[in-house]
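Below is one structure, written out as structure tokens; the observations come after it.
The values are calculated or read from the model by the stated rules, or taken from the named source; none is laboratory data. This structure is a prediction, so every number in the text was calculated from the model and none was measured. Here the Cβ positions follow ideal geometry from the backbone for every residue, glycine too, while neighbour counts run over all protein chains shown.
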């Protein structure tokens, strides 16, 4: 292999070894967070197709319960309104039973309630369709009702079955004494009573650095952990990055971190054994969420023949002088 | 690298090599079991958010069938009661048909049964709503009924589709002769007719030990197995930990085990091929569930052109003198 | 380490290296097939708990469509019969509308059809409940109907969503010339139009052998394959075990295979990309399903700008003289 | 080992090292694309069983929404027609209420609308069944309706829950300058707002080559990538194959590619964290979809405290002179 080819290859090797999180190397003047505290990516899409933008199923699945019920109730109202309009324009005399006994505000609302009885397939029958046209519309509406209901059932089950792990992370990441050196520490707890097992954690540091040409680029480093896997995530887990001389965090100061827009990216994956679902959770800590010289306070206690973990104490820490 | 740094690193290495199951190192005066026999973790949560504590879906999915039906029947009764109250307060004269022929105990129960006919969308029509207000309430109730039913359908399917492997474990873990040494043995069987494949077993021992400073801490050891994977889990599997001189169990006695609160933690994972679900099951044996000097009796026999496995014999064992 | 300990360990190593499929080593007089041609294990369970034996959900999911519909229709009939009995014993006079116009064979069948109208929530209303007791029974029946229907919906969806890959295997396994030696070959095709990817094959040979003490035991060998993974399983795949001098199949003859009850166990796993389901399929070939000196005929042809694969030709083979 | 055996083994090794995508080695006169741009395999099946060919569930799940609604509406119409025929042939006089007030075009349509009211379980009751036979048919129809509806619910949920990632690929694959050499580059974006993580890419090149005997066969090569995995697929990813002297693409020209029918096969897999679904996507580029001497234009910009990715620019590229 010629010398020139060798040089090319070594440049390629360097590029290959460069850690890339998937966010790329661009740095911009007012640096934005890469991962939001709720674990979503801080990226918006432009130019999506309408259906990709709408993503109705995803929205209906992830919106709050209250909003979900409201959307359904509103759709129900609108569909009834539309069918009431159709019955009304065919002629209210084709709905036998409206005039006689039912004391409606107006015949239109009679048509509206007949529509609701058809859509939900209640069909009391004190109002009933007269003639082929009105009967045909009612037959269509009943089918529409069943399909709407199939949709609602699907959405309700979708909301249930979408895994929603609730892993609590400590508000801050601490620089604490660790063994005879120091460590970067955050704590996490499974808030739910479900059993998470085979949990793996990956911690990355991202910051702006000047490359050899003096240009600012965003660099990524894996932070080696004391322990990146536990078999049973039953209590709390204090994840520790030991600040050895090899660590990219060695000799870091709050000032340098602010200047370089440091962000810690955290990805957790595990298995929820009840549903045999894999679980993926992310969070991040920005440079201003570091606390120096404190350590976490224990959170687990014994009671009777079992253990108690106190979720309210997840952020509790105490002063602790750092090793030099 | 300076000498001091080297020392720090070696301490870190030691900490990294320390096996941790996820339960931590705390030992307490009256030691509690880590994993309950049904495989759940012996940990309670305090300070959960209400929704995490309630975890309605999870509860409805995992409660016994009888209780599940009861909860639904009770909710049905309550919702009918509420709507009956609304119809009654609007005025019983707005439910045409109640007074004439239907011989109810009281008009309120007429409203109650009208409500049930609306909620379930039966809608006979011998009782029917009169006037816009009562009709509007009935329209809302029919929608509530459909949504309740969507919920029930989702829950019923959730109960079905949640994987519920039934792996039977032998009641005791035996210390038996094995080859020309001894082994720790327990037996497991897939009780269901489903096919479990690619099954892996992980066995850990946990016990209290004094560290160099004399403090009691909980230590964890992986127990090496004769075989920790089988491709087809079709019959029974006797899992064996050979007690070699390397084993942390070597020279163990019942007395030492009781003193050190020894617990064997077992995690099984596999694949249920019918539903392409991964399956995760746990159990544990406490020191008082060890039996010394017995071995399991075979459980598989041939019948015609197939094999029979007798689940009732899972605990059957016979005297067997241990190798020294 | 003492000499004795070393000997023990070497015996353990030998045991650890012994291949075990999960069926164990027992051989019996009239040897039965381990895996049935449909991929299920040839093992029956005795002493299962009633619920594990019944396994209602699994049965309802896996029974033929026709049987499934029959079970539902029969249950519908029975439930209606039971409720008809209740209405009848309360008194047919509490079902207003039965006597007047409806020309039933007998009042009991009137109660039966009223029951069916309640259970399905049709509720025409030409028959309607009179009095609190009959109304209460009807209210319960409507709830029962909704729950039965929730069950049916769950079962129907369960039947849909259970992955049912259809991988066709050639009826026989061929001993064919391969390169400048011979090979054991079988062929498989994905019958469905779905896309199977990342497909792995594992082939084991099981046969009875005399151990050093002269006792017959069942031995298992992995058969090394020319290729045990393909990324796209889009056409047909002829799986080849090259019969090298290392192969446990080297110098095998039909007679020796029959005498040793040889069985080839095959496990296939892959990924169905449409449902992101993993797929696991098994089959086996018994010694009498071997064919010597034939090779498979190609099955793929080109048509227009695409390829055609002919499933009917999966078993087509032609004479081919073996290499010596 | 004898010399001859050694030769055999070396031939086997060669065969084992041959890369095979699963499409086999056949080349034909007018070479067809292996993977269609939408990721499906360019292979048709002949001789499938009827049920495998029909694959009703798969079709209903994957057809466009509009077609799906049409199929359901059409089935609804047909089923009503069939039951209307049954009621009509039993005798229209067994449907009380048809003659009196309901002004139908003909009695048959009266039976049709009664059928629709029964099938959807609306059951107004202004038409009601008279006599045991008609009542029995109605009882059956109501059950059929419930089962049809269970089917629809299952299909609707199946449509929802089937993962449908939308990964956009650049229309062309570019030969661009890369570091101090050149690279093969294509770009991909996750169009949806869902979060894809742990994304792996595999790129293969397939082309016709003459083997030592002069026969054309199809050869497959893995193309080594600058980076074949990213943890967060949040923005766009430009996948790069560096054209090193080792690359099978080294010294390639458009003419040689056209002559050898070169096709680039791309398989992407990742994890959709919201549904914990694994995602598998494929595409391919044919020789005529290569563009030489252009490079992609950046697609990501900053806005406020977040990032914007512009999907419309996925194909935007600019002139760029290649390195020699």
Query - Pair list, Cβ under 7 Å, 6 or more apart: region C:140-162 residue more than 7 Å from every other protein chain (Cβ to nearest Cβ) and on the phi < 0 side of the Ramachandran plot, other residue part of a helix (DSSP H, G or I) and modelled with pLDDT under 90 - result: C:155/C:60; C:155/C:61; C:159/C:61
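Given region B:54-149, what helices (runs of 4 or more DSSP H) lie entirely inside it while holding 1 or more residues that are under 25 Å from residue D:121 (Cα atoms) and touching a strand residue (DSSP E or B) at 6+ places or on another chain (Cβ under 8 Å)?
B:65-90, B:107-119
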Query raised in the report: Which residue pairs have Cβ atoms under 8 Å apart, sit 6 or more places apart or on different chains, and have a first residue in region C:9-21 that is more than 24 Å from residue C:35 (Cα to Cα) and a second that is not in a loop (DSSP other than H, G, I, E, B)?
Result: C:12/B:181; C:12/B:242
**Report entry** Subset of region C:33-48 (residues that are under 17 Å from residue C:202 (Cα atoms) and more than 12 Å from the chain's Cα centre (by Cα))
**Finding:** C:34
Query raised in the report: Which condition breaks for residue C:258 when tested against (1) surrounded by fewer than 17 Cβ atoms within 10 Å (Cβ to Cβ); (2) in contact with a helix residue (DSSP H, G or I) (Cβ under 8 Å, 6 or more places away or on another chain); (3) in a loop (DSSP other than H, G, I, E, B)?
Result: (3)
Requested in this report: Name the residue, out of D:199, D:203, that is more than 12 Å from chain A (Cβ to nearest Cβ) and either surrounded by 17 or more Cβ atoms within 10 Å (Cβ to Cβ) or in a strand (DSSP E or B) (or both).
Outcome: D:203
Requested in this report: Please work out which one of (1) more than 8 Å from chain C (Cβ to nearest Cβ); (2) surrounded by fewer than 24 Cβ atoms within 10 Å (Cβ to Cβ); (3) farther than 24 Å from residue B:128 by Cβ is the condition residue D:134 fails and give its number.
Outcome: (2)
Requested in this report: Out of C:268, C:297, report the one residue that is over 15 Å from residue C:166 (Cα atoms) and either crowded, with 22+ Cβ neighbours inside 10 Å or modelled with pLDDT of 90 or more (or both).
Outcome: C:297
Query raised in the report: Mind checking which residues of region D:24-53 are at pLDDT 75 or above and assigned to a loop (DSSP other than H, G, I, E, B)?
Result: D:33, D:34, D:36, D:37, D:38, D:39, D:40, D:42, D:47, D:48, D:49
Query raised in the report: Any residue in region A:114-131 that is surrounded by fewer than 21 Cβ atoms within 10 Å (Cβ to Cβ) and within 25 Å of residue D:76 (Cα to Cα)?
Result: yes
Report summary line: Restricted to region D:169-184 and to residues being buried (at least 19 other Cβ atoms within 10 Å of the Cβ) and within 23 Å of the chain's Cα centre (by Cα), the residue nearest to residue D:240 (Cα to Cα) is D:173
Query - First in region C:57-70 and within 14 Å of chain B (Cβ to nearest Cβ), second anywhere and buried (at least 16 other Cβ atoms within 10 Å of the Cβ) and modelled with pLDDT of 90 or more, Cβ under 7 Å, 6 or more apart - result: C:60/C:68; C:60/C:155; C:61/C:155
Query raised in the report: Quick one: in region A:222-245, which of the residues that are over 30 Å from residue B:33 (Cα atoms) and within 9 Å of chain B (Cβ to nearest Cβ) is surrounded by the most Cβ atoms within 10 Å (Cβ to Cβ)?
Result: A:242
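Could you please let me know if residue C:182 is over 23 Å from residue B:230 (Cα atoms), more than 9 Å from chain D (Cβ to nearest Cβ) and in a strand (DSSP E or B)?
yes
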**Report entry** Tally, over region D:150-171, of residues that are assigned to a helix (DSSP H, G or I) and under 30 Å from residue D:291 (Cα atoms)
**Finding:** 0
